[in-house]
Amino acid sequence: MSSEIVLKPSPDAISLAERREQLAAVRTLLAELEAELAQFRAQLKAFEGRYLRQVGVLYAELDALEARITEHEAALYGSDAARQRAVEAKQRAQESHDAAFGEAREAEEFDPPTNLKTLFREVAKRIHPDFARDEAEQQYFTLLMARANQAYRRGDTETLQRMLDDHLEINAAVAGETTAAELLRMTRQMQHAKRDIASLEMERYSLQGSEIAMMLQDAETAAREHRDLLTELAVSVRNQIAEAQRRFDLIDRQMNVHGR
């Protein structure tokens with residue numbers, strides 16, 4: 001008869017193992033959402049830049065022409081309504097100009113390779129502020145996460161890999177934590193992570209419903225039909241500019257006739 005003694009894990013050890021698995025799954029989901037949203041934000045920003053360069057500048061030109069037309073109308077007819085339209089048109093033209101020639105138009109296309117996305121997820125799983133042990137570490141992780149996002153956007157795999165290596169080395173040196181303390185810490189980490197997952201999902205929902213995201217979706221649909229949506233929009237706005245120019249020339253001649 002065998003006298004081998006089989007040691008069963010304690011309830012605390014079982015709970016700890018289960019909680020580690022749960023936390024690992026939550027960390028993976030949070031990291032994937034962070035990476036997905038970082039890419040989506042960059043994709044929207046890049047598309048907005050293309051839109052402003054191809055179409056936005058034309059709308060700025062159209063609105064500036066419309067503002068000149070309403071100014072002529074205000075001078076020609078002298079009514080309060082005409083003057084109010086001129087003020088509104090001038091403001092709209094300024095807004096269009098600021099948008100078309102602002103920083104957003106300089107955004108570049110962002111298509112990260114698979115290895116960069118994978119590396120970013122691994123970093124996010126470990127240095128997300130939700131996984132900090134205390135307030136000081138949370139502040140530190142917040143700074144690290146901002147640095148990781150910047151590295152991801154510029155495709156800097158070297159920095160991300162160094163951040164990952166540093167964290168693994170430092171974390172390996174931390175030992176001696178009691179089971180109860182670790183369970184409590186992981187419970188809080190999961191609570192914070194689930195909160196941020198909900199926040200990221202809300203942001204994703206909001207971004208997907210934005211005007212620029214809907215236009216991007218339309219552009220992708222058009223591309224599958226071998227059409228270029230931005231080129232089509234640019235042609236349409238150029239036609240509107242031509243029509244506005246004809247109206248301006250007409251009212252300009254009227255101004256000259258009346259000596260105004």
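The values are calculated or read from the model by the stated rules, or taken from the named source; none is laboratory data. Please read all numbers here as calculations on a predicted model, not as lab measurements. Neighbour counts are summed over all protein chains in view; Cβ atoms, including those assigned to glycine, are modelled from backbone coordinates with ideal geometry. Please note that ligands, DNA and RNA were not included when accessible areas were found on the heavy atoms of the full protein model with its side chains. Shrake-Rupley method; radii C 1.70, N 1.55, O 1.52, S 1.80 Å.
Answer with yes or no whether Thr142 is over 16 Å from the mean Cα position of the chain (by Cα) and modelled with pLDDT under 90. Considered against the rule, which asks whether it is over 16 Å from the mean Cα position of the chain (by Cα) and modelled with pLDDT under 90, Thr142 comes out as yes.
Taking the criterion of being over 26 Å from Glu32 (Cβ atoms), touching a residue at least 24 places away in the same chain (Cβ under 8 Å) and open to solvent by 40 Å² or more (accessible area, probe 1.4 Å), the residues of region 197-245 that qualify are Thr231, Leu233, Arg238, Gln240, Gln245. Taking the listed residues Thr114, Thr142, the one that is in contact with a helix residue (DSSP H, G or I) (Cβ under 8 Å, 6 or more places away or on another chain) and closer than 30 Å to Leu29 by Cβ is Thr142, with no other qualifying. Test Lys45 against the stated conditions and say whether it is assigned to a helix (DSSP H, G or I), more than 30 Å from Glu243 (Cα to Cα) and open to solvent by less than 70 Å² (accessible area, probe 1.4 Å). Judged against the criteria, Lys45 is not a match.
No other residue among Glu182, Glu158 is of a type outside the set (Gly, Ala, Ser) and in contact (Cβ under 8 Å) with a residue 24 or more places away in the chain apart from Glu182. Among the residues of region 236-250, those that are basic (Lys, Arg) and more than 15 Å from Ala67 (Cβ to Cβ) comprise Arg238, Arg246.
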